[in-house]
Amino acid sequence: MNENKRGAAFFDIDGTLLPGTSMEMLFARALLRGRLPGRFRWLPFLIEAIRLAPHGLTTMRKANKAFLAGAKAEDVRDWGEQVFRTDVLPRLDERRRVWIDRERGRGRSIILLSGMPDLLMHPFMRHFAPDLGIATPLEVDPQGRLTGRRAGAHPYGRIKVVIARDLAGRSGWGPKDCSAYGDHASDAHLLAWVGEAYAVDPDAGLRRAALRHGWRILEGGGERANDLPASP
């Protein structure tokens with residue numbers, strides 16, 4: 001990442017750059033329906049769900065990547081590319097690219113920040129060409145197979161703020177030098193930290209936060225991408 005940029009723009013992916021069903025859910029459905037050569041690993045998934053249960057239902061659901069246990073990392077990456085081509089690409093409208101191009105034109109680093117497995121982020125990196133992409137790292141054994149465990153932080157909720165602050169601190173950016181785009185109430189922590197916050201087709205919780213704090217609301221049926229303020 002070029003740390004000489006004047007700031008950063010943090011973009012959530014699922015529900016923000018990708019409207020509708022999340023990439024991870026599309027991938028899991030493809031496994032369950034036999035559209036991919038692999039299979040959904042129910043036993044590791046249920047064991048991990050029990051382990052995560054004390055942390056709450058959302059964490060149990062969002063942070064659980066054990067359904068991929070035993071699969072080859074290279075296969076998961078290839079299958080992710082397939083799902084991206086068939087299920088994701090047709091849903092990526094032009095206004096998302098306009099947001100990114102606008103922020104890039106302001107001299108900001110473009111950072112994709114998502115809780116999806118890192119192996120599924122590769123096609124988004126190619127499509128949007130950000131400076132950096134951060135997702136949930138998965139542990140890979142010496143034989144190149146996924147263990148079903150995470151190898152690092154799950155970028156969700158308050159963890160996104162921790163990641164953003166760390167990047168900003170190392171790059172010499174302050175919150176006012178940064179913007180963030182999110183769709184879910186869990187993104188409110190990050191949006192509250194940056195200088196410019198954009199709620200994209202927000203759920204009820206994020207909408208309330210946006211109205212309370214005066215954050216910009218971007219909706220498919222209303223505000224268009226070119227309604228954004230002009231780049232300084």
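The values are calculated or read from the model by the stated rules, or taken from the named source; none is laboratory data. Remember, predicted model here, so these are calculated numbers, not experimental data. Cβ sites come from the backbone with ideal geometry, for glycine too, and all protein chains shown count toward neighbours.
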The helices (runs of 4 or more DSSP H) lying entirely within the range 34-104 that contain at least 1 residues which are touching a strand residue (DSSP E or B) at 6+ places or on another chain (Cβ under 7 Å) and at pLDDT 80 or above are 73-83
Selection from the range 1-12 of residues that are assigned to a loop (DSSP other than H, G, I, E, B) and modelled with pLDDT of 90 or more | D12
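Would a scan of the range 90-100 turn up a residue that is closer than 20 Å to V140 by Cα, touching a helix residue (DSSP H, G or I) at 6+ places or on another chain (Cβ under 6 Å) and in contact (Cβ under 8 Å) with a residue 12 or more places away in the chain?
no
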Taking the range 193-232 only, how many residues are more than 14 Å from D12 (Cβ to Cβ), at pLDDT 95 or above and either under 15 Å from the mean Cα position of the chain (by Cα) or basic (K, R) (or both)?
-> 4
Under 8 Å between Cβ atoms, at least 6 apart or on separate chains: pull out the pairs that start in the range 134-162 with a residue that is without any contact (Cβ under 8 Å) to a residue 40 or more places away in the chain and closer than 16 Å to F67 by Cα and end on any residue that is part of a strand (DSSP E or B) and of a type in the set (K, R).
-> P137/R150; E139/R149; E139/R150
Hey, L190 hits all of (1) over 16 Å from L112 (Cα atoms); (2) at pLDDT 95 or above but one; which does it fall short on?
-> (1)
When both residues are 6+ apart or on different chains and their Cβ atoms are under 9 Å apart, which pairs have a first residue that lies in the range 181-192 and is among the polar types (S, T, N, Q), and a second that is part of a helix (DSSP H, G or I)?
-> S186/T58; S186/K62; S186/R158; S186/K160; S186/G205; S186/L206
Any idea which residue in the range 13-24 is modelled with the highest pLDDT, counting only those that are assigned to a loop (DSSP other than H, G, I, E, B) and farther than 12 Å from D201 by Cα?
-> I13
What number goes with the only condition from (1) surrounded by 19 or more Cβ atoms within 10 Å (Cβ to Cβ); (2) at pLDDT 95 or above; (3) hydrophobic (A, V, I, L, M, F, W, C) that L138 does not pass?
-> (2)
Quick one: count up the residues across the range 158-195 that are farther than 21 Å from P19 by Cβ and out of contact with any Pro (no Cβ under 8 Å at 6 or more places or on another chain).
-> 20
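The rows are residues; the columns are (1) more than 30 Å from G70 (Cβ to Cβ); (2) over 12 Å from the mean Cα position of the chain (by Cα); (3) of a type in the set (A, V, I, L, M).
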{"residue": "W99", "(1), (2), (3)": "yes, yes, no"}
{"residue": "E103", "(1), (2), (3)": "yes, yes, no"}
{"residue": "R106", "(1), (2), (3)": "yes, yes, no"}
{"residue": "M125", "(1), (2), (3)": "no, no, yes"}
{"residue": "F128", "(1), (2), (3)": "yes, yes, no"}
{"residue": "A164", "(1), (2), (3)": "yes, yes, yes"}
{"residue": "G169", "(1), (2), (3)": "yes, yes, no"}
